[in-house]
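K.L.:
First the structure, which I've put down as structure tokens, then a few questions once you've had a look.
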Amino acid sequence: MILSCQNISKAFNEQPVLSHVSFHIEDYEKAAIVGINGAGKTTLLRIIVGESSADEGIVTLSRGKTLGYLAQNQDVDSENTIYDELLLVKSDVIAMEEKIRDTERSMKHASGRELDLLMESYTRLTHSFEMADGYAYKSEITGVLKGLGFEEQEFSKKIATLSGGQKTRLALGRLLLQKPDLIILDEPTNHLDLNSIAWLETYLLNYKGAVLIVSHDRYFLDKIAGKIIEIDQTKATSFTGNYSDYAVKKEQLRSAALNAYLKQQQEIRHQEEVIEKLKSFNREKSIKRAESREKMLNKIEVLEKPTTARTDIHMKLIPRKISGNDVLHVEGLSKSFGEQTLFACLDMNLKRGEHVAIIGDNGTGKTTILKIINGILDADKGTITLGANVHIGYYDQEHHVLHMDKTLFDEISDTYPYLTNTEIRNTLAAFLFTGDDVYKKIENISGGERGRISLAKLMLSESNFLILDEPTNHLDITSKEILEDALNAYEGTVLYVSHDRYFINRTASRILDLSGQKLTGYLGNYDYYLEKKENAAAPLKSTLYTKEDTASETRLDWQAKKEQQAKVRKKKNDLKKCEDSIALLEKQLADIESEMLLPEVATNVAKLQELTGQQENLNETLSQLYEQWETLAED
């Protein structure tokens, strides 16, 4: 065991955040802490690393073990370049390398006993250098930087010129190179693109140490975690397995706990009714029996009502009117900033009802495409045509659609003046803004809260074409699932940019991969896209590149639909034939029964035996047809 947390408790302003939280991490174990926003996950990490103190409880790190911590945001303050900053991590190895070179130079001019001593020292140094992977430290630094999304030409950049996200990636690289016995990461995927996240997954899976992660990235947790520690209502519960395993077990436990709670509540109400009835008899024996029942009832340990899954936010997206079948046509779209070309000659078509995800590395122009379509940026070249009755609803990850100087209430009421005060408050309450919260200014709320108010505006917009830029950023897992369900039930068209692979898997019917200044289309979700990439198969072309590609995909869609329609027709025909056969047999059985009631047949033993035999055969066949019908009806 490398880490033990025993009975950790923490409160802020007498409001408990953590109550007697206990768990442990074994050597080389990969574990994750999950919970809704505000559950106390980051607070727990800060207590573990000593940045905050617990009100009670003990954190124990095994003797001689080292710990490394990456907070959500890093302000790396240094005059170094990116590469030089990571070289500092290897200062011991570099010093050893310099000492080896000095020893080599000294050996050239030494002899006798002095040479023997230098040779012994040289052997020790080279062995230590080799054990510290000294011969590979430069390639290791380069590999980590490239893995985290830094291009080689960026290695010489000064740290002072980097963005907040780049500084966080640099801090992560520095931590990985330090190789502590326990790595603790708070939302490590926030500033990484899909390729960098995949690289980090592989790195952590092969890491020769323990890892403890806080993350809302369910796909990442499925890949990495072998244990899930859930913080719920200030308590901690450990589950073996990855996130998907946890989700199944959690639902089972929640269902069992809710059933136990409801059953107990029913029993309590029943006992109270019996007690009340006994007292109403107003007889000494009845009153004593009532008092006895009351004592027993008071001794019951009343169960807490379990938290109901996914009821925090209530979201329903309903288009005001149906658009035409052709929603968006993009042709020859190009955009550059200075000498940097983001993309050139992009073509794209979206049909009504499609849910399309644009993926790609950071800086390739995904958000720029959305901004051009939405009219926020101008394209250098190309045309964008919206179909008939298309009404856009835009979700901007930078929340430019929000007015920072307005209150939450005014943001909704000014955009939708026809809403009553009660309707506005109900909408805000559905996104967890209640009481005086509605009078907070948007400039004073967190990124996650700005995301929720943007989603509230989107829900009210009644748009039939949603354009979403990183809609799951700052959302906890519960809120993501609610948004996923809302999008899956949405009858309009969706085009979005996201690096949340779990979200893409649940909501996308088509993937557009932006790389090399071009778009490549894949019919299917993220797992399908990965499968095609990994198999190095030629990607299934979507409505991109050229008109020939568009025609090709249309033919494939048409063929797939025709095949599906043929299958459906066959099943319907089989079901109809089965129903007709059943009706025929039932009529034959009715005729036999009528014939058996005739006087001339009722007295004819031979005829009755013959009819009875026919009846048994028909009933057996009919039974088989009923089973066949049930199977077909279910399909």
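K.L.:
Based on this model, can you work out whether G516 counts as within 30 Å of D361 (Cβ to Cβ), out of contact with any strand residue (DSSP E or B) (no Cβ under 8 Å at 6 or more places or on another chain), at pLDDT 85 or above and assigned by TED's automatic domain parsing to the domain that holds E331?
P.N.:
In short, yes.
K.L.:
While we're on this one: Only one of these is closer than 25 Å to E491 by Cα, part of a strand (DSSP E or B) and in the same structural domain as L460 (by TED's automatic domain parsing): Y418, Y394. Name it.
P.N.:
Selected residue: Y394, the only one of Y418, Y394 that is closer than 25 Å to E491 by Cα, part of a strand (DSSP E or B) and in the same structural domain as L460 (by TED's automatic domain parsing).
K.L.:
Which condition does L419 not pass, out of (1) in contact with an Asp or Glu (Cβ under 8 Å, 6 or more places away or on another chain); (2) surrounded by fewer than 18 Cβ atoms within 10 Å (Cβ to Cβ); (3) aliphatic (A, V, I, L, M), if it passes all the others?
P.N.:
For L419, the failing item is (1).
K.L.:
Residues in segment 224-243 that are in a helix (DSSP H, G or I) and surrounded by fewer than 19 Cβ atoms within 10 Å (Cβ to Cβ): how many?
P.N.:
Qualifying residue count for the region: 0.
K.L.:
Which residue is farthest from D222 (Cα to Cα), if the candidates are limited to segment 488-508 and must be among the hydroxyl-bearing types (S, T, Y) and part of a loop (DSSP other than H, G, I, E, B)?
P.N.:
Only one residue tops the list, namely Y490.
K.L.:
Of T368, T364, T407, T311, which residue is modelled with pLDDT under 90 and surrounded by 13 or more Cβ atoms within 10 Å (Cβ to Cβ)?
P.N.:
Step by step, each of T368, T364, T407, T311 is checked, and only T364 is modelled with pLDDT under 90 and surrounded by 13 or more Cβ atoms within 10 Å (Cβ to Cβ).
K.L.:
Now, a different point. Out of all the residues in segment 385-398, which are surrounded by fewer than 17 Cβ atoms within 10 Å (Cβ to Cβ) and at pLDDT 90 or above?
P.N.:
Matches in segment 385-398: T385, A388, N389, H391.
K.L.:
So which of S498, S463, S509 ends up being within 23 Å of H191 (Cβ to Cβ) and among the polar types (S, T, N, Q)?
P.N.:
Just one listed residue meets the conditions, S498.
K.L.:
Of all the residues that make up segment 271-304, how many are assigned to a helix (DSSP H, G or I), closer than 18 Å to Y261 by Cα and not aliphatic (A, V, I, L, M)?
P.N.:
Number of matching residues: 3.
K.L.:
Can you tell me which residue among T43, T60, T81 is surrounded by 14 or more Cβ atoms within 10 Å (Cβ to Cβ) and without any contact (Cβ under 8 Å) to a residue 60 or more places away in the chain?
P.N.:
Just a single option satisfies the conditions, and that option is T43.
K.L.:
Among (1) among the hydroxyl-bearing types (S, T, Y); (2) at pLDDT below 90; (3) part of a helix (DSSP H, G or I), which single condition is T472 missing?
P.N.:
(3)
Let's see how each residue does on (1) in a loop (DSSP other than H, G, I, E, B); (2) modelled with pLDDT under 85; (3) of a type in the set (D, E, K, R); (4) touching a Pro at 6+ places or on another chain (Cβ under 6 Å):
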site: I424; (1), (2), (3), (4): no, no, no, no
site: A429; (1), (2), (3), (4): no, yes, no, no
site: L432; (1), (2), (3), (4): yes, yes, no, no
site: D436; (1), (2), (3), (4): no, no, yes, no
site: E443; (1), (2), (3), (4): no, no, yes, no
site: R450; (1), (2), (3), (4): no, yes, yes, no
site: I453; (1), (2), (3), (4): no, no, no, no
site: M459; (1), (2), (3), (4): no, yes, no, no
site: S463; (1), (2), (3), (4): yes, no, no, no
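K.L.:
Still on this structure, please answer the following. Give L328, L333, L317, L346 a once-over and let me know the one that is within 45 Å of the chain's Cα centre (by Cα), closer than 30 Å to A456 by Cα and either at pLDDT 90 or above or among the acidic types (D, E) (or both).
P.N.:
It is L328.
K.L.:
Could you check segment 388-437 and list, in sequence order, the residues that are among the β-branched types (V, I, T), in contact with a Ser or Thr (Cβ under 8 Å, 6 or more places away or on another chain) and over 26 Å from T367 (Cα atoms)?
P.N.:
If the condition is that a residue be among the β-branched types (V, I, T), in contact with a Ser or Thr (Cβ under 8 Å, 6 or more places away or on another chain) and over 26 Å from T367 (Cα atoms), then I424 is the only one that fits.
K.L.:
Can you list the helices (runs of 4 or more DSSP H) lying wholly within segment 1-115 that have 1 or more residues being among the acidic types (D, E)?
P.N.:
Here the list reads 82-87, 91-107.
K.L.:
With surrounded by fewer than 16 Cβ atoms within 10 Å (Cβ to Cβ) and either in contact with a strand residue (DSSP E or B) (Cβ under 7 Å, 6 or more places away or on another chain) or of a type outside the set (V, I, T) (or both) as the only criterion, which of A171, A136 stands out?
P.N.:
Checking each option against the conditions leaves just A136.
K.L.:
Take the residues of segment 69-78 that are of a type outside the set (A, V, I, L, M, F, W, C) and surrounded by 13 or more Cβ atoms within 10 Å (Cβ to Cβ): which is modelled with the lowest pLDDT?
P.N.:
Q74
K.L.:
Starting from residues that are out of contact with any Gly (no Cβ under 9 Å at 6 or more places or on another chain) and charged (D, E, K, R), keep the ones in segment 352-395 and report whichever is nearest to L487 (Cα to Cα).
P.N.:
Per the criteria, the residue is E354.
K.L.:
Could you tell me how many of the residues in segment 573-601 are of a type in the set (D, E), under 13 Å from L611 (Cβ atoms) and at pLDDT below 85?
P.N.:
The total comes to 3.
K.L.:
When the residues of segment 349-361 are filtered to those that are small (G, A, S) and closer than 19 Å to N195 by Cβ, which remaining residue is modelled with the lowest pLDDT?
P.N.:
This residue is G360.
K.L.:
Within segment 5-52, take every residue that is within 28 Å of the chain's Cα centre (by Cα) and hydroxyl-bearing (S, T, Y) and give me the one that is farthest from E449 (Cα to Cα).
P.N.:
Among those residues, the one meeting the criterion is Y28.
K.L.:
A further question on this structure: Looking at segment 209-242, which of its residues are at positive phi and among the polar types (S, T, N, Q)?
P.N.:
Within segment 209-242, Q233, T234 meet the criteria.
K.L.:
Yes or no: I268 closer than 30 Å to T234 by Cα and not in a helix (DSSP H, G or I)?
P.N.:
When the stated conditions are applied, I268 does not pass them.
K.L.:
Oh, and also: Conditions first: (1) in contact with a helix residue (DSSP H, G or I) (Cβ under 6 Å, 6 or more places away or on another chain); (2) modelled with pLDDT of 85 or more; (3) of a type in the set (S, T, Y). T66 passes all but one, so which condition is the exception?
P.N.:
Unmet for T66, out of (1) in contact with a helix residue (DSSP H, G or I) (Cβ under 6 Å, 6 or more places away or on another chain); (2) modelled with pLDDT of 85 or more; (3) of a type in the set (S, T, Y): (1).
K.L.:
Please list, ordered by first then second residue, the pairs with beta carbon atoms under 8 Å, 6 or more apart or interchain, first in segment 273-298 and at pLDDT 80 or above, second of a type in the set (V, I, T) and not in a helix (DSSP H, G or I).
P.N.:
Listed by first residue and then by second, the contacts come to nothing, as the list is empty.
K.L.:
Quickly run through segment 2-35 and pick out the residues that are closer than 22 Å to F220 by Cα and surrounded by fewer than 18 Cβ atoms within 10 Å (Cβ to Cβ).
P.N.:
Answer for segment 2-35, where residues must be closer than 22 Å to F220 by Cα and surrounded by fewer than 18 Cβ atoms within 10 Å (Cβ to Cβ): H24, E26, D27, Y28.
K.L.:
Taking interchain pairs and intrachain pairs at least six residues apart, which have beta carbon atoms under 6 angstrom, with the first residue in segment 433-452 and farther than 16 Å from G38 by Cβ and the second surrounded by 14 or more Cβ atoms within 10 Å (Cβ to Cβ) and of a type in the set (S, T, N, Q)?
P.N.:
Y439/T407; K441/T407
K.L.:
Where residues in segment 134-176 are acidic (D, E) and touching a residue at least 24 places away in the same chain (Cβ under 8 Å), which of them is farthest from E104 (Cα to Cα)?
P.N.:
Per the criteria, the residue is E154.
Yes/no matrix, rows are residues, columns are (1) crowded, with 21+ Cβ neighbours inside 10 Å; (2) touching a helix residue (DSSP H, G or I) at 6+ places or on another chain (Cβ under 9 Å):
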position	(1), (2)
E443	no, no
L458	yes, no
S463	yes, no
L466	yes, yes
S479	yes, yes
A489	no, no
H499	yes, yes
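K.L.:
Filter segment 424-444 for residues that are touching a Leu at 6+ places or on another chain (Cβ under 7 Å) and among the aliphatic types (A, V, I, L, M) and give the result.
P.N.:
Passing the criteria: L428, V438, I442.
The values are calculated or read from the model by the stated rules, or taken from the named source; none is laboratory data. All of these numbers come straight from a predicted model, not from anything done at the bench. Neighbour counts run over all protein chains shown; Cβ positions are idealised from the backbone, glycine included.
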